Amino acid sequence: MHTHFLDTYSHLDSPIHRVGAATKTILSIAVIVTLVVSPPSWIGYAAAGIGLLILATASQIPAMFLLKRLIMLEPFVLGAASLALFQPHGVPRFAQIATRSTLCLFTLVILANTTPFSELLHVLRRARMPALMITTLALMYRYLFVLKEESARMRNARASRTFTTTNRHAWRSMTTVIAQLFIRAAGRADRVYAAMCARGWK
Amino acid sequence: MHIPDGFLNGRTAAAAGALSLAGLAVALRRTRNLPPKRVPLMGLAAAFVFAAQMLNFPIGGGTSGHLIGGVLCAVLLGPSAAALVISCVLIVQCFVFADGGVLALGANIFNMALVSSVGGYLIFRSVYRLLPGSRGRLVAVAIASWLSTVLAAVVCAGQLALSHTVPWPVAVTAMAGVHAFIGVGEAVITVLVIHAIEQVRPDLIDPSAPSPMERRGFELIGFGLVIAIGLAVFVSPFASSAPDGLDHVAQSLGFRDHEAAARVIASPLPDYRLPGISSAAIGTALAGAAGTLMVFGVGWTLARVLRSRQTDLNVDLAASVNGAGPTGRDSADA
């Protein structure tokens, strides 16, 4: 089971990847703020789109991967934007919101896939984020994939023991998996704590 | 319910950001004396919420839903730790998976970490106090899960409407309507998960939580204040009969100009028309009450089924431990 595909490309070596994480984060947020705050203009959106496409090409991330990420997230954008259709002048408003939101999403996807999370954590730490949240974020990122795979193993184990399930049984067994997942996570937290203490953590 | 970037205008995003910072400050203050042993648990719990959100439940018709986990987390870890944990989940979802916007992060944290999780916990505590006992706890969990999901959806609709993205009637109908169903699923899953954990490791369910008989409500007042201000800013402008809710809130917050602000301060209730208020508010209240009653029914049935099955199980276990059948138990009692 390889769930690491979600974070593979943030460790490439391209001109974009080499830019400091803080610079990239601030620039991305600046782009998104500009898109959100400035009055809608199609020329501006086109310019932003071309600029982002150039950045994406320079980042050497496979175009198919970026496209897949965007397509995965686009339903939420379109779903929420379609609510804007129910008002006077709804269609142009829908088009504006969907375009603007897609451009913001594209910016964020490029940032996420060119910046390793550990570097982002350094940025957050320098931005004076409280230590408890930094520790929580770091541990969460470390064990995200571990727990994801653990839950997949439990589901496989369950699937290999049952031929067919009704919806009702699927619900019961899924909730048991979730409960077990938390119990195992709590056990792992105890062991992690012991290991942290053994290494002199305070 | 993750709001992407581009749906909120700067003003709404800033207001939501300020409110969630205030909420997180309260949470951090209340976790100052967190035992060091529970620090790794917060990281693991955040990873757990993330992994649990990826498990899909069949709903029927080929669709599936997943757990959101706000109330689950709050009941397991306590409200302050849960607010921090859910915020961390949202931060990772935003920066690693681009799920939910950066500018909208404040709004997302307010809706899901504060309204859904901490607000859900406040509802849980109030209902649990009315219905103590383990069955009452499951009913309280069900009601809190459903109500907090719907409440967060309504707040989200208010933010979208306040940004002029979506008109309020459309936003609130769509968001509250969809989440009234999602909330039922959330309530059932949360009850089943809490029940399963309760059976195996009862010690894991927030050991620091006061029992329902204790009255320690005041310590949560900071959270209550932040959530109440959020509701006032994002939802209340639309609950009134004012023709443009945004203008009203802009005036009363002094965003517009000093003259308008001064006028509002001088007489805060000039257009406060009671009939309009009462009809809108009564409609909303009735809908909320009906939904809560329905979920109470669902939760009560679930709790009855789960609890009675457990007592059967315990009797069976006792019987098998003490020999065969009730005679064995009698001899053990004697």
### Query
Whose amide H sits under 5 Å from the amide H of B:Asn9, counting only residues 5 or more places off or on another chain, with H placed in the peptide plane?
B:Ser163
### Summary
Relative contact order of region B:18-145 (C-alpha contacts under 8 Å, at least 6 apart) in percent is 26 percent
### Query
Over all residues in B:5-14, what is the mean tally of Cβ atoms on other chains that come within 10 Å of each residue's Cβ?
5
### Query
Shielding of B:99-106 by partners, i.e. mean partner chain Cβ atoms within 10 Å per residue?
5
### Message
Apply the a/c threshold of 1.5 to the C-alpha gyration tensor of region B:60-112 and tell me whether it is rounded, prolate or oblate.
### Response
oblate
### Query
Listed highest first by mean packing, meaning other Cβ atoms within 10 Å per residue, what order do A:179-187, B:114-122, A:21-29 come in?
B:114-122, A:179-187, A:21-29
### Query
How would you rank B:152-160, B:176-184, B:3-11, highest first, on the average number of other Cβ atoms within 10 Å across their residues?
B:152-160, B:3-11, B:176-184
## Note on the structure
Rh (Kirkwood, all Cα-Cα pairs) for region B:4-161, Å, reads 16.2 Å
### Query
Per-residue mean of other chain beta-carbon atoms within 10 angstrom of the beta-carbon, peptide A:102-108?
5
### Task
Just add up the charged neighbours of B:Gly106: K/R +1, D/E -1, any other residue whose Cβ is under 13 Å from the Cβ of B:Gly106.
0
### Query
For the peptides A:49-62, A:95-108, what is the packing order when you average, over each peptide's residues, the other Cβ atoms within 10 Å and list the highest mean first?
A:95-108, A:49-62
### Message
Given Cα positions, please report Rg to Rh for chain A, the hydrodynamic radius being the Kirkwood one.
### Response
1.05
## Note on the structure
Relative to chain A, whose Cα atoms define the longest principal axis, helix A:131-161 and its Cα axis are tilted in degrees, nearest 10, by 70 degrees
### Query
So what is the diffusion coefficient of region A:119-202 in µm² per second by Stokes-Einstein at 37 °C and 0.692 mPa s, using a Kirkwood Rh over Cα pairs?
214 µm²/s
### Task
Give the long-range amide H neighbours of B:Gly65: residues separated by 5 or more places, or on another chain, with amide H under 5 Å away, using H modelled in the peptide plane at 1.01 Å from N.
B:Phe57, B:Ile59
### Task
Run the quick spin-label model on B:Ala14 and B:Leu225: label points 7 Å from Cα toward the beta carbon, then report their separation in nm to one decimal.
2.3 nm
### Task
Show the residues, 5+ positions off or on another chain, whose built amide H is closer than 5 Å to the amide H of A:Thr115.
none
### Message
Please report the spacing between the Cα centers of region B:1-66 and region A:114-153 in Å, no decimals.
### Response
14 Å
## Note on the structure
Taking Cα atoms, the helix A:90-114 axis meets the longest principal axis of chain A at an angle in degrees (rounded to 10) of 60 degrees
## Note on the structure
Computed ³J(HN,Hα) along region A:193-199: with the Karplus parameters 6.51/-1.76/1.60, θ = phi - 60°, integer Hz and x for glycine or proline, the list is 4, 4, 5, 5, 5, 4, 9
### Query
So how far apart, in nm, are the two label points at A:Val37 and A:Asn156 if each is 7 Å from Cα heading toward Cβ?
5.0 nm
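FYI, it's all coordinate maths here, none of it is from the lab. Model, not experiment: these values are computed from the prediction. For neighbour counting, all protein chains shown are included, and Cβ atoms are generated from backbone atoms with ideal geometry for every residue, glycine included.
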